[in-house]
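S.K.: Take a look at the following structure, please.
The values are calculated or read from the model by the stated rules, or taken from the named source; none is laboratory data. These numbers come from a predicted model, not from an experiment. Glycine gets a Cβ as well: all are built from the backbone with ideal geometry, and neighbour counts include every protein chain shown. For the accessible areas, the whole protein counts, side chains as well, though only heavy atoms, and no ligand, DNA or RNA atoms are used. Shrake-Rupley method; radii C 1.70, N 1.55, O 1.52, S 1.80 Å.
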Amino acid sequence: MNDAPLLTMRGIVKRFPGVLALGGVELEVRAGEVHCLLGQNGAGKSTLIKVLSASYQPDEGQILWEGEPVALSTPQTAMDLGISTIYQELDLVPDLSVAENIFLGHELSTAGFSQRGETLRRTRDLLARLGHSEIPATRSVGRLSPAAQQIVSMARALSQDTRLLILDEPSAVLDQGEVNNLFRVIRDLTTEGVAVVYISHRLEEIRQIGDRITVLKDGSTVATGLAVDQTPTSELIKLMTGRSIEYVFPPRGEVVEPTGDPVLEVTGLELAGVFTGVDLSVRAGEIVGLAGLVGAGRSEILETLYGARRPSAGTVRVAGRELRRGSVPAAVKAGVGLAPEERKSQGLLLDQAIYANITVSTLGRFSRFGLLDSRAERKRSAEVAESLDVRPAGVDRLVRLLSGGNQQKVVLARWLLRGCRVLLLDEPTRGVDVGARAEIYALVRSLADSGVAVVVVSSEVEEVLGLADRVLVVREGRVVHEGPAGEIDESRVLDLVMEGKVA
Amino acid sequence: MSEQSTNRQGGAVENTVTPSTDTVTVERAAAESGRGGGGGLMSGSFGRNLGLVVALLLICAAGVITAGDRFASIDNTLTILRFASTIGVVSIGMTFVITGGGIDLSVGAILALCSVWATTFATQTMAGDTHWVIMVFVALAVGSACGLVNGVLIAYGKVVPFITTLAMLAAARGLAEIISERRTQIVTVDGFKDFFSADVLGVPFLVIIFAVVSVAGWILFNRTTFGRRTLAVGGNPEAARLAGINVNRHTVLLYVLVGFCCGLAALMLVSRTTTGSSTHGTLLELDVIAAVVIGGTLLTGGRGTIAGTVLGVLIFATLGNVFTLNNQDTSTQAVAKGVIIIVAVLLQQRLARNATST
């Protein structure tokens with residue numbers, strides 16, 4: 001029995017009306033291994049996970065569990081086998097406590113009365129096992145940080161008898177220290193014989209934690225069971241994209257001479273309790289990057305200078321004119337645009353057409369006496385979308401149906417159409433695959449070259465250093481370093497970012 | 001429609017036959033499916049309205065079978081339309097509020113307050129001395145003002161719409177009772193009565209108002225920045241805010257709009273009954289929300305349809321008429337109404353699921 005792999009998937013096909021989501025996927029996962037699933041957005045990873053957790057039924061193909069064919073017909077059957085999934089978007093109930101969330105659906109009870117003490121004890125054990133005994137078992141989950149919420153999700157998976165744990169981009173909300181802790185937990189689990197399916201965009205993480213790799217492309221398996229330590233990165237990229245590309249950043253523009261007045265000028269900006277004393281000035285054509293850990297206040301700085309949060313002190317000037325505090329319309333009017341961190345919940349109208357998403361900030365331009373000229377809207381947004389190579393072409397499609405990279409392009413197209421002076425980008429490549437990343441980098445650079453002042457926030461130090469002309473390092477709500485990107489390297493940035501933690 | 005579905009099937013077949021490693025084919029298939037999806041959605045909303053039309057025709061058929069000529073007469077049709085027009089005008093306003101992610105439970109109470117305020121002795125005296133149009137101004141102003149209060153509390157006070165409008169429901173009707181001292185006020189201004197009871201080429205003026213409001217509502221909803229912003233605010237308020245839309249101001253405008261519609265509907269009801277009363281419009285909010293929802297507007301916001309709302313209003317009005325002609329009491333009507341709402345929403349959810357899985 002132990003000879004057979006824990007899970008085998010053969011020729012899995014899943015169709016949606018008009019779309020072939022999975023066109024024959026092969027996957028084999030052995031007990032005690034970390035099996036990495038790689039693929040660009042839209043390659044079918046999410047669909048595959050949903051087949052495994054029995055949210056979707058495959059149209060064709062066979063699933064074997066320890067060599068025996070099984071039908072994963074309801075999520076309950078998957079759970080009974082010991083398959084647990086931790087989704088990218090966490091599925092916790094914010095108003096219930098940590099303990100209640102962990103045992104949701106399989107509450108500990110005697111004769112219908114919940115065993116409060118036992119539940120709390122087991123919760124604390126689980127959290128301790130995950131190295132996070134500091135999370136209070138009785139606190140409501142909504143008040144925890146995203147990283148702590150993820151730990152709660154893991155604890156929930158462990159509270160059941162899990163034999164196969166699926167992690168969908170678990171590191172997206174974690175900083176480096178938390179990722180290391182996550183890896184430690186994963187290693188503990190695998191030594192106990194649990195199999196882990198690990199999905200991530202970050203190749204360096206896969207190098208650290210993975211045993212074998214399966215690569216998906218366009219809904220099919222293009223390579224399976226590759227040993228991590230014998231497969232070069234270039235090979236993986238080639239498999240994922242079908243072409244050989246490097247992690248390329250566009251060349252910087254001409255050396256930025258400190259000429260001309262700054263387009264964006266921030267002085268003494270403060271949001272009580274989050275960040276304080278932020279000074280920042282960005283000239284036309286310049287890209288400034290903000291590096292820092294999650295929770296250091298980077299996103300909040302962007303949102304505050306965009307007017308989405310009201311600062312407790314400080315001023316924001318665009319082209320010399322001070323913006324009204326805490327007013328997004330004022331910022332937009334002055335020519336500031338924001339591509340927010342949470343693209344789906346903050347940036348897009350998912351159930352609207354592409355063109356409506358692109359023109360939402362420029363509706364006035366397409367209307368006369370309030371009446372919209374829909375044809376002009378479609379025409380102009382199609383032009384912009386085409387120049388950004390949004391795929392598939394055509395602007396009547398719902399944004400919901402696009403991949404992450406193309407959704408990001410739609411957000412950028414909105415501001416491109418408006419023509420902004422200052423562009424704020426919060427995690428511009430989160431959830432964007434390698435191929436589309438290079439396109440977005442090139443696009444940002446060309447926007448800067450055309451005279452836009454750009455501020456980029458990213459968790460990936462490499463991205464900040466590669467893309468920006470000048471770098472600001474933020475730690476615990478303060479700017480601790482400012483200088484040209486060429487004069488600092490990744491390890492120095494990480495030192496700066498971590499210093500406060502060590503002390 | 002059939003052509004489109006064949007098309008979509010064709011795309012799927014091609015997709016399975018061709019090995020999907022060929023990027024070009026995949027892209028083309030994806031583009032095709034996109035077009036198919038768009039077409040599917042269009043046929044979805046078209047199909048939904050078609051379903052409503054079929055339902056309406058079925059009710060009419062039931063009317064003809066059970067009541068014969070008493071149902072299928074011009075007089076009776078005008079009765080139905082006249083009855084529908086009051087609810088209809090408010091429903092158009094409500095479609096905007098619900099699509100914008102809100103709800104207004106106070107429409108019936110606002111209507112009562114408008115009807116009373118427009119027909120007080122003081123108002124009527126002033127109207128009699130100068131011009132009956134004073135009454136119109138009073139009703140529209142009172143309705144808009146109530147909507148303004150709702151909107152400001154919801155947008156800037158951050159009180160949830162359900163609670164805000166529930167409070168307005170209680171307060172506005174109470175105020176109407178105080179003003180009227182719980183007495184029915186008779187309209188004595190002849191100019192007002194003459195104007196609203198007139199007809200154009202046999203079509204009652206009230207029905208014309210409903211038609212005009214429907215068309216204006218359709219244009220506002222589908223062809224203006226206001227309509228587009230309503231969809232954005234209801235679909236994803238945070239994204240709308242970060243795109244630079246003044247979400248708070250827009251929310252206020254939505255409630256002012258529905259309040260204005262209540263004022264207009266109050267005038268129509270006052271002219272139909274020639275009275276102003278604090279009991280006018282009791283439970284109107286239920287009829288209106290039901291009509292909007294069976295029309296296909298999502299209660300969660302972000303999607304709405306004016307045509308569907310108009311059909312929803314007509315369905316309920318016709319249904320009520322058929323029941324009345326058959327001497328069924330209002331209790332039976334209420335049960336039938338309840339069943340229809342549930343069936344309509346169940347069907348709607350089905351359609352919505354199909355649309356998103358495409």
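S.K.: Mind listing the phi-derived Karplus ³J(HN,Hα) values for the stretch A:354-363, rounded to whole Hz, using 6.51, -1.76 and 1.60 with θ = phi - 60°, and x for any glycine or proline?
M.R.: Result, rounded to whole Hz: 4, 5, 5, 6, 6, 8, 4, 9, 10, 4.
S.K.: A follow-up question, please. Output needed: percent of Cα pairs per 20 Å distance bin for chain A, bins running from 0 to the one holding the longest distance.
M.R.: 21, 52, 26, 1
S.K.: If amide hydrogens are placed 1.01 Å from N in the peptide plane, which non-local residues have theirs closer than 5 Å to the one on A:SER220?
M.R.: A:GLY23
S.K.: Return an integer: the convex hull volume of the alpha-carbon atoms of the stretch B:59-177, in Å³ per residue.
M.R.: Numbers: hull volume 18.1 nm³, N = 119.
In the stretch B:59-177, the Cα hull volume divided by residue count equals 152 Å³.
S.K.: I've got another one for you. How much of the accessible area of the protein assembly as shown, in percent, comes from carbon and sulfur atoms when a 1.4 Å probe is used? Let's see the in-between values first.
M.R.: Details: 21190 of 37420 Å².
With neighbouring chains kept in place, the figure for the protein assembly as shown is 57 percent.
S.K.: Still on this structure, I have one more. Between the stretch A:161-178 and the stretch A:440-477, what's the alpha-carbon centroid distance in Å?
M.R.: That distance is 27 Å.
S.K.: Continuing with the same structure: Sorted from largest down, give the three principal axis spans of the alpha carbons of the stretch B:231-358, whole angstrom values.
M.R.: 54, 38, 20
S.K.: Shifting gears a bit: I'd like the chymotrypsin sites (Phe, Trp or Tyr not before Pro) in the stretch B:144-214 restricted to DSSP loop residues with at most 16 other Cβ atoms within 10 Å, sorted by number. Present the calculation step by step, with values, prior to reporting the outcome.
M.R.: Details: sites: B:TYR156, B:PHE162, B:PHE192, B:PHE195, B:PHE196, B:PHE205, B:PHE210; in loops: B:TYR156.
Passing both the DSSP loop test and the Cβ count: B:TYR156.
S.K.: Right, here's the next one. Let me know the longest stretch in chain A that avoids all chymotrypsin sites (Phe, Trp or Tyr not before Pro) found in a DSSP loop with at most 14 other C-beta atoms within 10 Å.
M.R.: It works out to A:1-246.
S.K.: Identify the GluC sites (Glu not before Pro) of the stretch A:154-231 meeting these criteria: DSSP loop state and at most 11 other C-beta atoms within 10 Å of the C-beta.
M.R.: Details: sites: A:GLU178, A:GLU192, A:GLU204, A:GLU205; in loops: A:GLU192.
The qualifying sites are A:GLU192.
S.K.: Just the number: Rg to Rh for the stretch A:303-452, Cα atoms, Kirkwood Rh, two decimals.
M.R.: Rg/Rh for the stretch A:303-452 comes to 0.97.
S.K.: Using only the C-alpha atoms of the protein assembly as shown, find the volume of their convex hull and express it per residue in Å³.
M.R.: 208
S.K.: What accessible area per residue, rounded to a whole number of Å², is obtained for chain A using a probe radius of 1.4 Å?
M.R.: Spelled out: the 1.4 Å probe surface of chain A, per residue, equals 42 Å².
S.K.: Then there's this: Rounded to the nearest 100 Å², what's the accessible area chains A and B bury against each other, both chains counted, probe 1.4 Å? Write down the numbers at each step before the final one.
M.R.: On the way: alone 22710 and 17830 Å², together 37420 Å².
Using a 1.4 Å probe on protein heavy atoms, the buried area is about 3100 Å².
S.K.: Using only the alpha carbons of the stretch A:417-503, determine the length spanned along each of the three principal axes and report them from longest to shortest in whole angstroms.
M.R.: 47, 27, 22
S.K.: Turning to a different aspect of this structure: Counting C-alpha atoms alone, how compact is the stretch B:74-114: give Rg to one decimal and Dmax as a whole number, in angstrom.
M.R.: Looking at the stretch B:74-114, its Cα Rg and Dmax stand at 12.8, 39 Å.
S.K.: Which FRET efficiency, nearest 0.05, do A:THR110 and B:THR324 yield, Cβ-Cβ r, R0 56 Å?
M.R.: 0.45
S.K.: Expressed as a whole number of Å, what is the distance separating the alpha-carbon centroids of the stretch B:106-169 and the stretch B:237-271?
M.R.: A separation of 14 Å, based on Cα centres.
S.K.: Hey, another quick one. Check the straight Cα-Cα distances from A:LYS50 and name the lysines below 25 Å, setting aside those fewer than 8 residues away within the same chain.
M.R.: A:LYS14, A:LYS217, A:LYS344
S.K.: Oh, and also: Just for chain A, what percent of DSSP beta bridges are antiparallel, to the closest 5?
M.R.: Roughly 55 percent of the DSSP beta bridges within chain A come out antiparallel.
S.K.: What is the set of long-range amide H partners of A:LEU423 at a cut-off below 5 Å, with H atoms built 1.01 Å from backbone N?
M.R.: A:GLY337, A:ALA453, A:VAL454, A:VAL455
S.K.: Once each part is reduced to its C-alpha centroid, what is the distance from the stretch A:94-139 to the stretch A:349-390 in angstrom?
M.R.: 49
S.K.: Compute the Kirkwood hydrodynamic radius of the stretch A:33-100, taking the inverse of the mean of 1/r over all pairs of distinct Cα atoms, and give it in Å to one decimal.
M.R.: By the Kirkwood definition, the hydrodynamic radius is 14.0 Å.
S.K.: Another question, then. Pull up the cross-link candidates among the aspartates and glutamates for A:LYS409, meaning alpha carbon to alpha carbon under 12 Å and not fewer than 8 places away within one chain.
M.R.: The qualifying aspartates and glutamates are A:GLU386, A:ASP389, A:GLU439.
S.K.: Still on this structure, I have one more. Other chains near B:230-242: what is the mean number of their Cβ atoms within 10 Å of each residue's Cβ? Provide the component values of the computation, followed by the final result.
M.R.: On the way: counts 0, 5, 6, 1, 1, 6, 9, 0, 6, 14, 5, 5, 16.
That average works out to 6.
S.K.: Principal axis extents for the stretch A:87-181, Cα atoms only, whole Å, descending order, please.
M.R.: Principal extents (Cα only, largest first): 43, 28, 22 Å.
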